[in-house]
Amino acid sequence: MLTDLRKWHGPVFGGGALCVLVNREGLGPLWYAGVGLLVVAGLMRWSLWRDQRPPGGLVPVPVGVPVAGRWRAVNGPGTKVPSHTHSHAQTYAIDLTFPPGEESAPGVRRLWSLGGRPDRYPAFGRPVLAPGDGVVVAVAGRQRDHFGRDSLPGLAYLFLEGFVRSLGRPRHLWGNFVILELGEGVYAGFAHLRRGSLRVAVGERVAAGQQLAECGNSGNSSEPHLHFQLMSGPDPETAHGLPFAWRYRDDRGAEHHGVPEDTVHFTSAGTSAGH
């Protein structure tokens, strides 16, 4: 019950901010109420974040690479842990971008334009695959794919947008997503999927390598990419992040078992055993 209440830190924060903003009486009851709510919201979020830190000694779960072709690792646990944050079970999460080949992608601009259309990025629309056999336990697929944040004002907006989104429900942060139960207490999360691309429904059984959706740019995303993570439960607001291991090849053809470091380009070397 305590965990369920702490998940509402966003509305509590919003209520506190509203009290402070509409207050016109100086240091009066409304101002103190607003500050009190802000403090309570901060404590709720900090407590939830603290409890989402995974225990030590976890063994990486072997799973398949959830994409096909040559991709690039960004913000992954192969470089640092936590790779993102403990919040939303993102301790061992990784972001995957599809590097341009013959296709071109928008670069970062100083001031203009504020963002590129998502379909200008080669990752947009690429298939997202199941990393193992499993059952779909949650989906969301109606959020729009917004423009890329590929300018300095766009990146500044992304920072503010990310904070606001983090106060809401998982779909506000993840955008369109799929959560897949792989068994033995392991769940896989796929975020920032393309609107209208989901090919699975809750309760459906899927096989390793089956297409689940397409890569998109929904939620808190700077450009079309796939956010992938494993976690200990179906609710990213309360679960722990779990480490994982892939079989992959780098650009030199060397095969590895683990997670590629940031900026490494890689391709799948086959399905890992275990899931």
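The values are calculated or read from the model by the stated rules, or taken from the named source; none is laboratory data. Everything quoted here is computed from the prediction, not taken from an experiment. For neighbour counting, all protein chains shown are included, and Cβ atoms are generated from backbone atoms with ideal geometry for every residue, glycine included. Accessible surface areas use protein heavy atoms only, side chains included; no ligands, DNA or RNA. Shrake-Rupley method; radii C 1.70, N 1.55, O 1.52, S 1.80 Å.
Remark: pairs (first residue in the stretch 3-19, closer than 14 Å to His88 by Cα; second residue surrounded by 15 or more Cβ atoms within 10 Å (Cβ to Cβ) and hydroxyl-bearing (Ser, Thr, Tyr); Cβ separation under 8 Å; 6+ apart in sequence or on different chains) = Thr3/Thr238; Lys7/Thr238; Gly10/Ser166. One residue alone among Leu38, Leu30, Leu48, Leu58 is among the hydrophobic types (A, V, I, L, M, F, W, C) and over 26 Å from Ala89 (Cβ atoms), and that residue is Leu30.
Condition first: part of a loop (DSSP other than H, G, I, E, B), closer than 21 Å to Arg171 by Cβ and at pLDDT 95 or above. Now tell me which residues in the stretch 127-143 satisfy that. Within the stretch 127-143, just Ala130 meets the criteria. Candidates are the residues of the stretch 184-194 that are farther than 21 Å from Trp49 by Cα and modelled with pLDDT of 95 or more; the one that is surrounded by the most Cβ atoms within 10 Å (Cβ to Cβ) is Leu193.
Annotation for the stretch 103-115: no member residue is of a type in the set (A, V, I, L, M, F, W, C), at pLDDT below 90 and closer than 20 Å to Gly10 by Cβ. Among strands (runs of 3 or more DSSP E) entirely within the stretch 195-275, having at least 2 residues that are buried (at least 22 other Cβ atoms within 10 Å of the Cβ) singles out 211-214, 226-231, 244-250. With respect to the conditions (1) without any contact (Cβ under 8 Å) to a residue 12 or more places away in the chain; (2) open to solvent by 70 Å² or more (accessible area, probe 1.4 Å); (3) closer than 24 Å to Gly233 by Cα, Ser83 falls short on a single one, namely (2).
Scanning the stretch 164-175 turns up no residue that is over 21 Å from His84 (Cβ atoms), open to solvent by 20 Å² or more (accessible area, probe 1.4 Å) and either over 17 Å from the mean Cα position of the chain (by Cα) or at pLDDT 75 or above (or both).
Just wondering, is there one or more residues in the stretch 57-72 that are crowded, with 18+ Cβ neighbours inside 10 Å, out of contact with any Pro (no Cβ under 9 Å at 6 or more places or on another chain) and either within 16 Å of Asp262 (Cβ to Cβ) or without any contact (Cβ under 8 Å) to a residue 60 or more places away in the chain (or both)? Within the stretch 57-72 (the criterion being crowded, with 18+ Cβ neighbours inside 10 Å, out of contact with any Pro (no Cβ under 9 Å at 6 or more places or on another chain) and either within 16 Å of Asp262 (Cβ to Cβ) or without any contact (Cβ under 8 Å) to a residue 60 or more places away in the chain (or both)), the answer is no, since none of the residues qualifies.
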